[in-house]
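First up is the structure itself, then whatever we jot down about it.
The values are calculated or read from the model by the stated rules, or taken from the named source; none is laboratory data. Bear in mind that the values here come from a model prediction, so they are computed numbers and not experimental data. All Cβ positions, even for glycine, are placed from backbone atoms using ideal geometry, and neighbour counts span all protein chains on display.
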Amino acid sequence: MTTNTKEHWENVFASKQENEVSWFQPYPKTSVEFLELFNLPLGANIIDIGGGDSYLVDVLIEKGYQNIYVLDISANALQRAKVRLGSKADAVHWIVSDIVDFVPPVTFDFWHDRAAFHFLTTEDRINKYVSIAENAIHRNGYLVLGTFSETGPTKCSGLEIKQYSQASMSSRFEKNFERIKCIEEVHQTPFNTSQNFLFCSFKRN
């Protein structure tokens, strides 16, 4: 785990309110639409990578999913989600880890990542992520990735990111995944600015 990266995110979530960060969404509409597209059984293993204090976990609980995992490098981020959810938080598996150090405890039917993957900017860390995802997702399981597009920002929270196109994202996963659908989304930040995102879904071969 990169200590400086962890310290950066612990500080962000200790010092800023949820609506003081650019990625805040009161309802994760696009992520939920992808989830609903695949019609997963309520017993499916679902993980939100870099889920932090986002509201996807609230939707998953509300829909009745029973095996929910949320991973984030920041313990502070996960703690905020736990406080918000109250007793409902007990139904979730919370994992504090850098994604490239993650040892999955189960195999997943649905792997969701909105805006974590694009923080991996070296070939080594990108390849580790892809390898972990390949091994952690069931055959016929689904992967949904949201990153900044080629017309999106080049930095986020003061850190460099890697932009993606449909082609460049697909090439990272083409060995073991089949691309299903990609969409571009304009995210309106709490500061009334716009960020261009690319979301792609894949099925594990």
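Checking the conditions here, which among 178, 150 is of a type in the set (D, E, K, R) and farther than 27 Å from residue 67 by Cβ? Please lay out each step first, then the result.
On the way: 178 fails: farther than 27 Å from residue 67 by Cβ.
So the residue among 178, 150 that is of a type in the set (D, E, K, R) and farther than 27 Å from residue 67 by Cβ is 150.
The residue pairs whose first member lies in segment 81-101 and is at negative phi, whose second member is surrounded by fewer than 17 Cβ atoms within 10 Å (Cβ to Cβ) and among the polar types (S, T, N, Q), and whose beta carbons are closer than 8 Å, counting only pairs six or more residues apart or on different chains, are 91/66; 98/2; 98/5.
Surrounded by fewer than 21 Cβ atoms within 10 Å (Cβ to Cβ), over 23 Å from residue 97 (Cβ atoms) and of a type in the set (Ser, Thr, Tyr): which single residue out of 55, 27 fits that description? Lay out the reasoning, then the answer.
Details: 55 fails: over 23 Å from residue 97 (Cβ atoms).
Only one candidate qualifies: 27.
I'm trying to understand the selection: among the residues of segment 154-171, which are touching a residue at least 12 places away in the same chain (Cβ under 8 Å) and either buried (at least 18 other Cβ atoms within 10 Å of the Cβ) or more than 18 Å from residue 119 (Cα to Cα) (or both)?
Here is the first cut: in segment 154-171, the residues touching a residue at least 12 places away in the same chain (Cβ under 8 Å) are 156-166, 169-170.
Once the filter is applied, which keeps residues that are touching a residue at least 12 places away in the same chain (Cβ under 8 Å) and either buried (at least 18 other Cβ atoms within 10 Å of the Cβ) or more than 18 Å from residue 119 (Cα to Cα) (or both), segment 154-171 yields 161, 164, 169.
Does segment 83-111 hold any residues that are assigned to a helix (DSSP H, G or I) and farther than 19 Å from residue 135 by Cα, and which are they? Before you say what the answer is, go through the steps one by one.
Step one: filter segment 83-111 for residues assigned to a helix (DSSP H, G or I), giving 83-91, 99-101.
Answer for segment 83-111, where residues must be assigned to a helix (DSSP H, G or I) and farther than 19 Å from residue 135 by Cα: 83, 84, 85, 86, 87, 88, 89, 90, 91.
Scanning segment 59-74 for residues that are out of contact with any Phe, Trp or Tyr (no Cβ under 7 Å at 6 or more places or on another chain) and under 24 Å from residue 11 (Cα atoms) yields a total of 2.
Which residues, counting only those in segment 61-80, are part of a loop (DSSP other than H, G, I, E, B) and either touching a residue at least 40 places away in the same chain (Cβ under 8 Å) or at negative phi (or both)? Working first, answer last.
Restricting attention to segment 61-80, the residues satisfying the condition of being part of a loop (DSSP other than H, G, I, E, B) are 64-66, 73-74.
The answer is 65, 66, 73, 74.
Report yes if some residue within segment 128-144 is closer than 24 Å to residue 69 by Cβ and modelled with pLDDT under 95; otherwise report no. Scanning segment 128-144, I find no residue that is closer than 24 Å to residue 69 by Cβ and modelled with pLDDT under 95, so the answer is no.
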